[in-house]
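Report on the structure given below.
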Amino acid sequence: MLQTKLPAVFVRAGTSKGLLFHTRDLPADRAHWDALVLGAMGSPDPYGRQLDGMGGGLSSLSKVCVIGPPSRPDADVDYTFGQVQIKTAQVDWQPLCGNMSAAIGPFAVDEGLIRVPDGPAAVRIHNTNTGKIIVAHFDVRGGVAEVDGDLEIPGVAGTGSPLRLDFLDPGGASTGHLLPTGNVVDVLQVPGVGAIEASLVDASNACVFVRAADVGLKGTESPTQMEEDSALMQRLAAIRIEASQRMGLAADAEEAVRRTAVPFIAVVAPPTDSVTLSGDAVVAGSVDLLARALSNGQPHRALPLGVSMCMATAARIGGSVVNQVCAVAAREGGGPLRIGMPSGVLQVAADVKRREDGHWHVESGGFYRTQRRLFEGTLLVRATAS
């Protein structure tokens, strides 16, 4: 069979990798996008490796972004994110990927979608998944985004040029409300698990946060340890399904099972000594809390940045599950939240305020990433996939 030729760019952004496409190169009818994207990434693959495509067999390596002209006046470009499932023929266009967001500003400059002079650049990105604005700040040299620098981020070997992402008014990205149920803490009645206290928060991405101790964890476990505990994985899946319905993201359990991306589920624990995937020690005093998250049913090797943003927001909301486990100084606000996760320590800032009417509001949040273009050219997609 003949293969379809498709222009593409392959990028490492933060702790994720994915394919970037111009909107102009995809079919005008979005109903045809899924087949192309699945063919490009090598999904579905019952072996879970995506060997016949560009995917890497992990949720963090199975992502696509589509970039085009802005559809609103306060943005420079539109950005649509797709999370490609590995074993099933499904692309979830609902969530936002914070890591891949780091690739969008540089792509816009490198591809000539916008013109900026050399020096510091600020690109306003409209994320169509959430309807929110992200501002990417990075350096430009010789007309293209800088990649060399001295910033090292947990989970990525080597260093790169710093890129700051500012998420403006990220609350309610998935549900329309920062606290979808109106509660700081909910008690979920989970079939097969029982009553579980959780904080259901929606900032950048909708998330359900539970205490590690309540699901039989310490918060120091590696992703492999979690994945090999089938009973644990079933408990977390059941909690996520119940939370999805309570947040209004799914009408019933069956729909919640199909919607594998949001809400994300994360377990949090008080600061304690831990060890990273690279074997480095993380002392309790260097973090404000520990966190482990699942992305599309898989324990994440780092921490999804949308989850990190939501977690930093929840940490500033008095009485939330995240706030309860944080170090005292972090609970009282001020400075970035230091999150101990499998690949090291991630710092995330969130400006959260309680209004006069008693409602919580997150003004903005941000963090630093690095990114690098790995490949540019023509992707070959099997014609049967299109």
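The values are calculated or read from the model by the stated rules, or taken from the named source; none is laboratory data. No experiment lies behind these values; they were computed from the predicted model shown. Note: ideal-geometry Cβ built from the backbone for every residue, glycine included; neighbour counts use all protein chains shown. Heads up: the accessible areas ignore ligands, DNA and RNA and are worked out on the full protein's heavy atoms, side chains in. Shrake-Rupley method; radii C 1.70, N 1.55, O 1.52, S 1.80 Å.
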Checked against (1) more than 23 Å from R301 (Cα to Cα); (2) under 13 Å from the mean Cα position of the chain (by Cα), F107 satisfies every condition except (2)
L305 fails exactly one of (1) open to solvent by less than 10 Å² (accessible area, probe 1.4 Å); (2) modelled with pLDDT of 95 or more, namely (2)
In the range 344-365, which residue that is surrounded by 21 or more Cβ atoms within 10 Å (Cβ to Cβ) and touching a residue at least 60 places away in the same chain (Cβ under 8 Å) is farthest from D288 (Cα to Cα)? V362
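Conditions tested, residue by residue: (1) closer than 22 Å to S174 by Cα; (2) among the acidic types (D, E); (3) open to solvent by less than 10 Å² (accessible area, probe 1.4 Å); (4) modelled with pLDDT of 95 or more.
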site	(1), (2), (3), (4)
G56	no, no, no, yes
S60	yes, no, no, no
K63	yes, no, no, yes
D74	yes, yes, no, yes
G82	yes, no, yes, yes
G98	yes, no, yes, no
I104	yes, no, yes, yes
A108	no, no, yes, yes
G112	no, no, no, yes
Could you grab me the full set of residues in the range 231-263 that are surrounded by 23 or more Cβ atoms within 10 Å (Cβ to Cβ), touching a Leu at 6+ places or on another chain (Cβ under 9 Å) and touching a residue at least 60 places away in the same chain (Cβ under 8 Å)? M247, V262, P263
Of a type in the set (A, V, I, L, M) and open to solvent by less than 30 Å² (accessible area, probe 1.4 Å), is that true of L168? no
Counting only residues that are more than 23 Å from G98 (Cα to Cα), among the small types (G, A, S) and crowded, with 16+ Cβ neighbours inside 10 Å, the range 199-230 contains a total of 1
List, please: which pairs have Cβ atoms under 9 Å, are six or more places apart or on different chains, and start with a residue in the range 274-293 that is within 17 Å of Q324 (Cα to Cα) and end with one that is open to solvent by 50 Å² or more (accessible area, probe 1.4 Å) and assigned to a strand (DSSP E or B)? V287/R338; D288/R338; L289/R338
Strands (runs of 3 or more DSSP E) contained in the range 110-208 and holding at least 1 residues touching a residue at least 12 places away in the same chain (Cβ under 8 Å) and over 23 Å from the mean Cα position of the chain (by Cα): 119-127, 132-141, 186-190, 194-203
When you scan the range 270-287, do you find a residue that is at pLDDT below 95, open to solvent by less than 50 Å² (accessible area, probe 1.4 Å) and not in a strand (DSSP E or B), even just one? no
Taking the condition polar (S, T, N, Q), closer than 23 Å to K87 by Cα and exposed (fewer than 15 other Cβ atoms within 10 Å of the Cβ), does Q298 pass? no
